[in-house]
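The next block holds one structure in the form of structure tokens; read it before the comments.
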Amino acid sequence: MVTNTSDRDGSRPGGATPGTEFDVIIVGAGFAGLYMLHRARELGLSARVFEAGGGVGGTWYWNRYPGARCDVESLQYSYQFSDELQQEWHWTERYASQPEILRYLEHVADRFALRPDIQLDTRVEAAIFDEASGRWRVETSADTVTARFVVMATGCLSSANIPEIEGRDEFAGATYHTGRWPHEGVDFTGQRVGVIGTGSSGIQCIPIIAEQAEHLYVFQRTPSFSVPARNAPLDPAVEREIKATYHEFREAAAQTPFGIAAPISDKAAMVVSPEERERTYEEYWQTGGLGFMVAFADLLFSREANETAAEFMRRKIRATVTDPAVADALCPDTVVGCKRLCLDTAYFETFNRANVTLVDLNQAPIERITADGIRADGEEYRLDSVVFATGFDAMTGALERIDIRGVGGRALRDKWAEGPRTYLGLATAGFPNLFTITGPGSPSVLSNMVPSIEQHVNWIADCVAYMRDHGMERIEPTVEAEEAWGQRVNQIANMTLYTSCNSWYLGANIPGKPRVFMPYIGFPEYVATCRDVAANDYQGFTLARSQT
Ligand code: NA7
């Protein structure tokens, strides 16, 4: 192993200490990158984090749109690697807002003295594997460094998708993407604003923008199912109770399919009476949150069961939205949970405001963007600002944006042209010593991201320690293991309703992206498999001593 011996005095762009040769390069300083750096340091490795943003935080650095908030409860959407940290940090709300999560991550960076090894304002442009030395050459917007290992902590939802609508660049007013929000905020007072997109980000920002704007036009292509978040100040009794047995609480959560503690029902929707079904949905609805998806055990497996949930939610929309035509347009006809379920605060109520207009794109897409606004549905909507709440090139976008080249100069983009291929979502054949945190083929976005990240980081750190202890310098999965894994991911997905609609889980939101289901469904089984692979001397991987 190489240890960086260079002078640590002085500072580099973004404040990091100098050096060009490292044991590990980590790309991204969000939840994943920060913890990976901490573990690398514990192993005595020299490490450098490159972060494109001007601060740490990843997703929570970039997504500053009004109303941005996590949809997993704060006591669960947080690190557990340090008991002192999880005991001492006080979350103020049931669901943490973006500013609070960002403060938390800044606190973590300070508390564990991570900043000297983080180089901000630096984008990684290429990572090229050099077979002669067995090292990666990492080219950034600032400089070029080398490392034995590269860990991509680039996030699943970080590559913004701004659709290529005709005339997009002709608009004379201001445009924003929810995932690239200006740090100084935006004041929409007195403006005519158009929001394109009604996924989680749109649903969170629309009610708040509606309160400011003179008039808000919501351009909706597909209506979303949404459950009330019922966010509130965190109940001190709940906080005390969970913190009293935090470890056990986390362990129990890790045994649930999504790794999120929730009152999971073992009853099937179709075996109970219609009255009991209604009562159950109502209870989960009143509780609020993503737990609605586990009100019955078969909601993600049986269309008939799912339709009862869908109908319940459509009735809620019709009871809330006063104009029946608008209510109809807001009612989804897809499977609940097939696209990610949204959580909202007064989203549907917003459409009762006189200054809000729903523009239904269901029949025809936006015709074009003009200098003055948006033309759709046969009308020209004059606008001062356009907000793209149009999501991300999920799971693969951030990886493919970097020119990653493995053995024989093969580009990752080419290897993944027909869809991502990984083993465990952690590594890909032909790209030795390159790890992906929450990569495609791992539970990632269908789990609680923070515990998933910690599980991946721990696995990678243990793997590197194993290699060191066994004199190994190179690891990569076999093609056979990778193919078998891809089949397993798809077989499981095909047993569910997840593949029945056009979601970003399938890459369907990006024109031309191969339709491949990317997340692994089933957190506990996944964790057990990773444990077994490691326990069996990294079964499915090829390990080698240095070739030099
Ligand atoms: P999403 O969930 O991908 O939502 C994007 C929205 O933008 C969705 O309603 C799309 O409609 C819409 N969209 C995308 N392209 C267009 C065009 N060309 N015209 C009109 N509408 C369009 O992204 P979010 O940022 O809301 O949420 C991402 C995740 O972040 C979320 O799931 C949480 O995990 C956190 P479509 O449904 O594709 O018809």
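The values are calculated or read from the model by the stated rules, or taken from the named source; none is laboratory data. The model shown is predicted, which means the values in this text are computed figures rather than measured ones. Reconstructed Cβ throughout: ideal geometry from the backbone, glycine too, with neighbour counts over all protein chains shown.
Over 21 Å from the mean Cα position of the chain (by Cα) and either more than 16 Å from the ligand (Cβ to nearest atom) or within 15 Å of LEU426 (Cβ to Cβ) (or both): is that true of ASN490 in this structure? Spelling it out, it is not the case that ASN490 is over 21 Å from the mean Cα position of the chain (by Cα) and either more than 16 Å from the ligand (Cβ to nearest atom) or within 15 Å of LEU426 (Cβ to Cβ) (or both).
Listed by first and then second residue, the pairs linking a residue in region 434-455 that is at pLDDT below 95 to a residue that is surrounded by fewer than 24 Cβ atoms within 10 Å (Cβ to Cβ) and of a type in the set (S, T, N, Q), with Cβ atoms under 7 Å apart and 6 or more places separating them unless they lie on different chains, form an empty list. Just so you know, in region 215-242 the residues that are among the charged types (D, E, K, R) and farther than 12 Å from ASP344 by Cβ include one that is nearest to the ligand (Cβ to nearest atom), and it is ARG221.
Residues that are within 13 Å of the ligand (Cβ to nearest atom), closer than 23 Å to ASP333 by Cβ and surrounded by fewer than 20 Cβ atoms within 10 Å (Cβ to Cβ) within region 499-540 comprise CYS501, ASN502, ALA508, ILE510, PRO511, listed in sequence order. Of the residues that make up region 235-243, is at least one crowded, with 18+ Cβ neighbours inside 10 Å, part of a helix (DSSP H, G or I) and either among the charged types (D, E, K, R) or within 28 Å of the chain's Cα centre (by Cα) (or both)? Within region 235-243 (the criterion being crowded, with 18+ Cβ neighbours inside 10 Å, part of a helix (DSSP H, G or I) and either among the charged types (D, E, K, R) or within 28 Å of the chain's Cα centre (by Cα) (or both)), the answer is yes, since at least one residue qualifies. Specify which of the listed residues (ALA309, ALA346, ALA319) is in contact with a Phe, Trp or Tyr (Cβ under 8 Å, 6 or more places away or on another chain) and away from the ligand (no atom under 16 Å from the Cβ). Only one candidate qualifies: ALA309. State the number of residues belonging to region 30-59 that are of a type outside the set (Gly, Ala, Ser) and crowded, with 24+ Cβ neighbours inside 10 Å. Total meeting the criteria: 10.
For TRP285, all conditions in the list (1) touching a Pro at 6+ places or on another chain (Cβ under 9 Å); (2) assigned to a loop (DSSP other than H, G, I, E, B) hold save one; what is the number of the exception? Status for TRP285: all satisfied but (2). As for region 349-358, it holds no residue that is part of a helix (DSSP H, G or I), away from the ligand (no atom under 16 Å from the Cβ) and closer than 16 Å to THR154 by Cβ. Among the residues of region 387-427, those that are in a loop (DSSP other than H, G, I, E, B), closer than 22 Å to ALA544 by Cα and either within 16 Å of the ligand (Cβ to nearest atom) or within 20 Å of the chain's Cα centre (by Cα) (or both) comprise ARG421, THR422, LEU424, GLY425, LEU426. It is to be established whether one or more residues within region 322-330 are under 22 Å from GLY199 (Cβ atoms), within 11 Å of the ligand (Cβ to nearest atom) and out of contact with any Gly (no Cβ under 7 Å at 6 or more places or on another chain). Among the residues of region 322-330, not one is under 22 Å from GLY199 (Cβ atoms), within 11 Å of the ligand (Cβ to nearest atom) and out of contact with any Gly (no Cβ under 7 Å at 6 or more places or on another chain), which makes the answer no.
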